[in-house]
1. Of the conditions (1) crowded, with 18+ Cβ neighbours inside 10 Å; (2) in the same structural domain as C:Ile201 (by TED's automatic domain parsing); (3) among the acidic types (Asp, Glu), C:Glu164 satisfies every one except a single condition; which number is it?
2. Please tell me if C:Asp112 is more than 14 Å from chain D (Cβ to nearest Cβ), touching a residue at least 12 places away in the same chain (Cβ under 8 Å) and of a type in the set (Asp, Glu).
3. Return yes or no: is C:Ser104 outside the structural domain of C:Cys388 (by TED's automatic domain parsing) and modelled with pLDDT of 95 or more?
4. Consider segment C:291-318. How many of its residues are part of a loop (DSSP other than H, G, I, E, B), of a type outside the set (A, V, I, L, M) and surrounded by 21 or more Cβ atoms within 10 Å (Cβ to Cβ)?
5. If you scan segment D:152-191, which residues turn out to be surrounded by fewer than 18 Cβ atoms within 10 Å (Cβ to Cβ) and either touching a Lys or Arg at 6+ places or on another chain (Cβ under 8 Å) or on the phi > 0 side of the Ramachandran plot (or both)?
6. Which condition number in (1) closer than 25 Å to D:Ile163 by Cβ; (2) more than 14 Å from chain A (Cβ to nearest Cβ); (3) touching a strand residue (DSSP E or B) at 6+ places or on another chain (Cβ under 9 Å); (4) among the hydrophobic types (A, V, I, L, M, F, W, C) is the one that D:Ala43 fails?
Amino acid sequence: MKKDLLLKDGNPQQGNPLGGTLGESLRSQGVSRRSFMKFCATTASMMALPPSMIPMIANALENARRPSVIWLSFQECTGCTESLTRAHTSTVESLIFDAISLDYHHTLQAASGHAAEAAREVAMEENFGNYLLVVDGSIPLDNPGYSTIAGISNLDMLTESAKGAAAIVAVGTCATYGGIPHANPNPTGAVSVKDIIKDKPIINVPGCPPIPVVITGVLAHYLTFGAIPELDHIGRPKVFYGQSIHDRCYRRPFYDKGQFAETFDDEGAKKGWCLYKLGCKGPTTYNACATTKWNNGTSFPIESGHPCIGCSEPDFWDGGGFYKALSLPTEDLSKTAVYAAAGAAAAGVAVSALNRGKKNASNKIHIKTTIDDLTQE
Amino acid sequence: MSSVGITQFNIQMGDELTQNVQPLLHEIRHALAALLESGKASIIDLRSIPLAPGEEEAIIEALGKGEINARLEALGPSDIYETRFAGVWLTSHYNEDHVVVSRFIEITELPAILRSQREDMAGALETLNEELQKQATS
Amino acid sequence: MSASIEKGINAFKRQVDSSVAAFFSSCVHCGLCSEACLFYTETGDPKRTPINKTEPLRRIWKSEFTLMGRLGKMVGLTKKVDDALLEEWQELVYDSCTLCGRCSMVCPVGNDIALMIRKTREGMAAAGQAPEGLIGATNRSVTIGSPMGVRWPALRAQIKHVEEDTGLKIPVDVEDVEYMLLLSSMEIMNFPEFIEAVAKIFAKAGVTWTISSEAFEATNSGIQIGVSDIAAELVQRIVDVADKLRVKTVISPECGHAYMAIRWDGPNLVGKPFNFKVRHILEVLDELRKDGRLKLSGKESQKLTYHDPCQISRRGGVIDEPRKLIDMFAEDFVEMPDGGKMNWCCGAGGGVSANERADEIRLKVFDRKKAQLEEIRPDGIISACSNCRIHLEDGLEEHNMDIPLLSLTETIAEHLAED
Amino acid sequence: MTEIELLSWARGPGLQIATIIFVAGVVIRVLEILLLGRKANLAEAKGGEMSSGLKTMITRTVPDRTTFKRSSVTIVSGYAFHIGLFVVCFLSAPHILFLKDIIGFGWPSAPTAVIDAFAVITIIAMLVTLVNRLTNRVMRYLTNFEDLLTWFVTFLPVITGYIAFHRIGMTAPTLLAVHILSVELLLVVFPFTKLMHAFTLFIARWYNGAISGYRGVAS
């Protein structure tokens, strides 16, 4: 259903990118005020805003104008788009998409080839300075040929599309921090959007993939307030990434009590104990999984018995192993210690030989002390 | 947040997992006292609380059901009922697939969404006028 | 030949061994040893903290025997040991330490600080930084045979007196006897009653014994000043005579460091085990008691206490014996607070009494003993070291405290049962 | 460098370097001490060296009554911070996990509330030891740069661990990285300072006990 909406909106010629407010648009679709309030309450919840802000959100949404959205996909797996389109296929959320004009998304749009690129160019031109640019995937810098669209390198397409954007939403860990393409040894020289675009506000929505509600929540926020939300030090909206998984995890009491699953099939695992020892990256991962959850709020990885892999953090792929507890060294220390000890033992014996030589020498030059030797001359 | 009876993988429920229930009930008690005293209504978004599997159900069970139960059909159904504690309402919004999209505990005399809305009433008046006119002309 | 800083440094190097290295590596500067040392507690001067007294030795260990020190030395980062440092430290190493070893008992990391200071003295002495008083005493020990200058004729005269007083024959230079008794100069000059007491007890017990006219001096200034070569020479004199007379056991008299010198340091100084045993007089008396050869009569009703001489108790291991002996005649025995292996030093051991420069501080630190005595207020103090005895008498007199000092051996002799 | 990169460096190469320096340094220093050797005692023994040496290694942990009375602040704060350090280092789950990875076996952990309480005790006790060091007449006299340095590098992991656990000021990966780096600093400094006492005190106590025990005195 949402796909239909997207496909419909994929053609800028048919849409009305900036005409009318959201309120007008909804009323024209016969949406009642009561339905709108339900929509606002859900939107507030989605944006992790306190319910007391619902009236304000209602007012803002009422008067919001539909922005044009251009979605670029670079070195990615389409997981982010999948996540988004597999989200609650609900009327409520589709309203968010109703509220935007998705003018280019080459995976979702019906048009292809030159027609698609033409659509992008038109949207950019018509809404210059006002459109929202959404990017998923990383950008290869080694050889532009690693990833091109219609013969245009990712780098060129990004810099060109960014010029007229009001703001950029980097979706997924690839676009935000380089993600898996960036993982050691990074064969394509993949970088993030932020590494290239320096003069535009960028909202990072990391995750592999990001929680769909978080993606729509960020769009809703932009839609509602016409501005980018408050970001943390690595560009993530604080409302969704303000707290670590560990701090919000329902299994936290087990951590505090020292009750851990040691293997995936032991008593601890069955009792739902903390997965820290199985490599859970919850303590160093900031995301909304523990509260927002996945699959229509059904569950999230830890609830399903798997440790958090830290996918919304930069370089999560190179974090020393998903199943290695955070406090563990990433390399084999015992071997290092044994080699160091062995080498040092040899060195120690050598140093001691010098010491003993010195003592022997001092004994050798010692001349028996007599009572005549007790005063200096 | 699941209310569709998904079996929890591996989890055996224990007392230690429902530690959010008590504090939440206390929060509701404070809100109810404030409502009585100053008429100040409040809303708790259940989605903003990290709940363990089964905790939401435990809270709903603890609140029980009261006298009023309303069903709303707007962008999918919504269930709104007063719990066994007067002034404490539970609002559950579903999408068209009957999946909960948001759920609130409202401490108020009447949840705002139940009232007839001015815009809707204006629309209704217009519709009624139109229909009467139509009858008159026909 | 003469002393020099080079010889001093060489002597320091010879003193470093695995125990010293472990001790210095472990010190965390916690300062607990200060509160165990009467030279600190009674003066409040942090310089006198025991571990601080070992600084010269520490510097040599650090710069010569540690990898980091060697590297530091290459770039000139180590602290030097020179005449100025040793001169400054003289007062700490000799005047402010009796080698009592209380610090060694409280150090939480287990440093034998007294041993470290004893070793520090080796370097100090070799560098010509020993106090004049101790050099004089050492000189007399080597040339005359006694730190106080006592020669055989003087002892012979005292023996004669004893023989006249008791009617007992004091055996001199007798071969193949069980025991050879050593004496400290102090006993010969100030407490000849000691010889009398031993003679009476041994006569009653039927013990064969002798005094040597060639080597009767038990004290060893070489130990106190910290010159092992001289200490060895003094020990060797006793070993030669004991071997010549073929005695079974050499008895160390009522003197602290003499016991340390002959019993524990002796064989290590001369470099080989003795052919005879060495026992303190109290150990011998306790053996006799156990064998039933020592019978006493009459009890002392006064409140008596025992002052443990450091080198005999804490450093020597003779702790239970005096108490068992005292138990034979004392009805009202009371331990000093901290009595036994943790007893506080009188303040005069370790060569301090032979070092006139330390006279003032020696009397100052007596306050510690005074405080201990004030807590139990005894009628009499028994001890087993003439040096402690003289100093305690000095100190008590200084504070107008009238508590008599008793020798344990002499008191036992007084209580010998008449059959 | 991102914070996760920093954390990865701390958990990877940083830990490798620190471990090499720590292990090699400790081994060299212990050998340097032991291989110096000691002359055999030729005097007739009154007690056993080995048994009393081993005994003193343990008994010296308890101060005698008079010393305790005379230096109670030093002793109580010292005890508190050593016990606190022990509990925090060896009974907290992440630390046990770390050690298990290296030595191959683990043991049960204490609840975080306990660890947290001991961390606070350790921090307070360490601050008391610092104040004591700077105000106590003897300690102030003895204190040198190394004493302050070792205090600092010991305090650092405790305080960064506490801050990391409570997530104060920075995000978790940075806090964890800083904590691990502070431990690495401690490991690097360890062999070259009096921190070595953690190992050598057992050697020193053994010698002390052996020397005394040989003469028949329990030290």
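1. (1)
2. No: the conditions fail for C:Asp112.
3. Numbers: outside the structural domain of C:Cys388 (by TED's automatic domain parsing): yes; modelled with pLDDT of 95 or more: yes.
So C:Ser104 fits the description; yes.
4. From segment C:291-318, those part of a loop (DSSP other than H, G, I, E, B) are C:291-295, C:297-299, C:307-318; that's our starting set.
Still in the running and of a type outside the set (A, V, I, L, M): C:291-293, C:295, C:297-299, C:307-311, C:313-317.
Applying the additional criterion that residues be surrounded by 21 or more Cβ atoms within 10 Å (Cβ to Cβ) yields C:307-311, C:313-317.
Residues meeting the conditions: 10.
5. Scanning segment D:152-191 gives D:Arg167, D:Gly169.
6. It fails just one condition, (1).
Residue-wise test of (1) without any contact (Cβ under 8 Å) to a residue 60 or more places away in the chain; (2) in a loop (DSSP other than H, G, I, E, B); (3) over 16 Å from the mean Cα position of the chain (by Cα); (4) closer than 30 Å to A:Gly321 by Cβ.
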position	(1), (2), (3), (4)
D:Ile83	yes, no, no, no
D:Pro94	yes, no, yes, yes
D:Phe105	yes, yes, yes, yes
D:Val114	yes, no, yes, yes
D:Val120	yes, no, yes, no
D:Ala125	yes, no, no, no
D:Leu130	yes, no, no, no
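One line per residue, one yes/no per condition, for (1) without any contact (Cβ under 8 Å) to a residue 60 or more places away in the chain; (2) closer than 30 Å to C:Ile312 by Cβ; (3) facing another protein chain (nearest Cβ under 8 Å); (4) assigned to a loop (DSSP other than H, G, I, E, B):
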position	(1), (2), (3), (4)
D:Ile168	yes, no, no, yes
D:Pro173	no, no, yes, no
D:Glu184	no, no, no, no
D:Val188	no, no, no, no
D:Ala204	yes, yes, yes, no
D:Val217	no, yes, yes, yes
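The values are calculated or read from the model by the stated rules, or taken from the named source; none is laboratory data. Note that the structure is predicted; figures quoted are calculated from it, not measured. Neighbour counts are summed over all protein chains in view; Cβ atoms, including those assigned to glycine, are modelled from backbone coordinates with ideal geometry.
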